[in-house]
Amino acid sequence: MTNGKFVISLDFELLWGVRDKKTIQTYGKNIEGVQQVIPELLKQFEKNGIKATFSTVGLLFFESKKELLENLPDLKPKYNDANLSPYNGHFEQVGSDWKTDIYHFAPSLIKAIQNHPEQEIGTHTFSHYYCLEQGQTVDTFRADLQSAIHIAQKYNIKLTSLIFPRNQFNTEYLKVCEELGIICYRGNEHSWLYTAKNGEKESLLRRAFRLLDVYINLSGHNCYSDTFLKSKTPVNIPSSRLLRAYSKKLSFLETLRLHRIKSGMSHAAKNNLTYHLWWHPHNFGINQQENFQFLEKILSHYNHLNTTYNFESITMTNLAKRIKNES
């Protein structure tokens, strides 16, 4: 390939992605906002020629609690920290169906994404599965992924890309991914700041440095050559940058935050590399005006790079297919 690539992936998870840390009382407004965020993202992506990957938790596909409970995997992860598992009492909080519970179900939003065929729906595992936490195994991971594949088939969706929840990338599980038809995944940035760790081993120091890295270039541009992308099977399309949500407290640093992303995109475009930006739709759930204004500046820069350097927006799966065909 002779031009740079711009990959956007979204970790679409609603409350399943934060249920072990937050509640509807403390985070509900962010989750509720996703009802407006997804349609607006689709509108902005269509307007700017963006082809994104919506990596979706399998539990969101169901239309009712009854259907959900009838389709749980037989093998479930037995995390040492029982709070990590949604199977330990959380289903008691789930409403009767998608019309009454917008925190746990999203069939209408999934269908809205399907109505934009240039966008991809990938998997964020079935249960927001944590691949590095103590107590879970390769067999429970396989069962989880099989359940995600099964419910997606109801929508005539073939899952071919995966994003590991909490970025808990586990090399031992890549063979399972390949066996089940996953051809690509989002790995982590190549810096000690982003090395995959479980929650127990994460440190405040790393978190502090990652926050600094949002505004100051500590870890580099994190762009990737075709040669690197061709070196892994399934294809590893690592993250370049998390698009953090707008913060009123840190709003005086917005110019630096934007420059950090735009400079990475420019580096990729000028050097025929891949730049991978990601976030969660619920990050945009509050302060929507500020978050979308920031995104519009990024997409405007993309259009400039597209015109000037043929910088190309592409989904994870389509990039992986092109890489594999050119290997």
Condition check: closer than 28 Å to Gln293 by Cα, in contact (Cβ under 8 Å) with a residue 60 or more places away in the chain and assigned to a loop (DSSP other than H, G, I, E, B). Does Lys51 satisfy that?
yes
Across segment 94-121, which residue is least open to solvent (accessible area, probe 1.4 Å) among those that are among the charged types (D, E, K, R) and farther than 17 Å from Ile31 by Cβ?
Glu120
Residue match in segment 123-134 (condition: touching a strand residue (DSSP E or B) at 6+ places or on another chain (Cβ under 7 Å), surrounded by fewer than 17 Cβ atoms within 10 Å (Cβ to Cβ) and within 20 Å of Trp279 (Cβ to Cβ)):
no
Quick one: which residue in Glu32, Glu40 is within 16 Å of Gln119 (Cβ to Cβ) and surrounded by fewer than 24 Cβ atoms within 10 Å (Cβ to Cβ)?
Glu40
Given (1) assigned to a strand (DSSP E or B); (2) open to solvent by less than 10 Å² (accessible area, probe 1.4 Å), identify the lone condition not met by Leu319.
(1)
Scan Phe45, Phe62 and give me the residue that is more than 25 Å from Cys131 (Cα to Cα), surrounded by 15 or more Cβ atoms within 10 Å (Cβ to Cβ) and of a type in the set (Phe, Trp, Tyr).
Phe45
Hits in segment 239-262 - residues which are part of a helix (DSSP H, G or I) and among the basic types (Lys, Arg):
Arg257, Arg260, Lys262
Residues satisfying the stated conditions in segment 127-140, i.e. touching an Asp or Glu at 6+ places or on another chain (Cβ under 9 Å) and assigned to a helix (DSSP H, G or I):
Val138
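The values are calculated or read from the model by the stated rules, or taken from the named source; none is laboratory data. What you see is a predicted model, and the numbers here were worked out from it, not measured in a lab. Glycine also receives a Cβ, built like all others from the backbone with ideal geometry; neighbour counts cover every protein chain displayed. Heads up: the accessible areas ignore ligands, DNA and RNA and are worked out on the full protein's heavy atoms, side chains in. Shrake-Rupley method; radii C 1.70, N 1.55, O 1.52, S 1.80 Å.
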